[in-house]
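One structure is given below, encoded as structure tokens.
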Amino acid sequence: MAVRRGSFPARPEPSCTSSIQPSRGPIRRERDDSGDVNADGFADIFIGAPLDNRVVADGGYAAVYSGKDGSLLLSFNADYALSPQWIGSRVTGAGDTNNDGFTDFMLNNQYKSSAFLYSGRDGGLLYHFQDPVSLFPGGFGYNFALTGDLDSDGHADFLMTDPAESNGSIQYTGSISAWRGHAFFVDATPRVAVANDYVTVSIGQCIAGNPYALFLRDLNGTPAFSLLSFGVLDSNGRATLVGRVPSGIGANSLEFQAFTLDANNKLLASGVETFFTQ
């Protein structure tokens, strides 16, 4: 998805979010009070238009508008010729998921059966939620919500619905799954790749200029704590790595984990990202 960024002040204040029931119609389908994204003292509005045609037919569109003057702060739309995608059929504010003082937000892409968590700091992707065994369009991520701290690790977790899930004998029984929240993320795109595919691994978002290290934590169920990359986070508190899946690699499961220093110079571990080759 393409992201267009607006201007943000340097020192935002934390804010709260509240849900608003979807407004269904031919274009705008959902609206949400996404919190004070640009820290001007006014709650901003996040809208979704899954049938929007500005890029491709039913490609979809989502945007954050200023609650103060209605100006556009951020926008998200399809960035390639694939139709439909239905981006923004679900949108919601997510609170400050990574403890950086900015209100983050989520939207979905029904065609990709994915939900995307975006940073309120710069509009960049923090993490995309996807179940590799449930990629039926309109399935996983059809609806989602930020919930409480289910595993008592200090971070709010996420609930995801999948109305297309089957139980093996009955189709479309549906499911709800819980996913861990983190203050620091590793995200692999795509999450399932074949030989010669290019894969992007993003690390962040945390303190700009602080060191990071990325490790291979597990290979096919066998612990393998191997250093893959290290460096410093960029001016947006991120690091981005791009690699190509070699030929003949076959089917594998790999787990990645990154580490950095938080605002108190304490070691901060990311969530574990699982990546598959076929």
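Only Lys, Arg, Asp and Glu carry charge here, each on its Cβ (+1 for the first two, -1 for the last two); on that basis the stretch 143-265 has a dipole of about 380 debye about its Cα centre. Normalised by the number of residues in the stretch 35-165, the mean separation of alpha-carbon contacts (under 8 Å, six or more apart) gives a relative contact order of 16 percent. Under 5 Å from the amide H of D44 lie the amide H atoms of S34, G35, D36, V37, G67, each residue being 5 or more positions distant or on a separate chain, with H modelled from the backbone and absent for Pro and chain starts.
Between the listed residues I203, P163, V272, the Cα displaced farthest toward the positive end of the dipole of the stretch 151-278, a dipole computed from Cβ unit charges relative to the Cα centre, is found at I203.
No value in this document is a laboratory result; all are computed from the given coordinates. Computed from a predicted structure; not experimentally measured. When we count neighbours, we look across all protein chains shown, and the Cβ atoms used for this are built from the backbone with ideal geometry, even at glycine.
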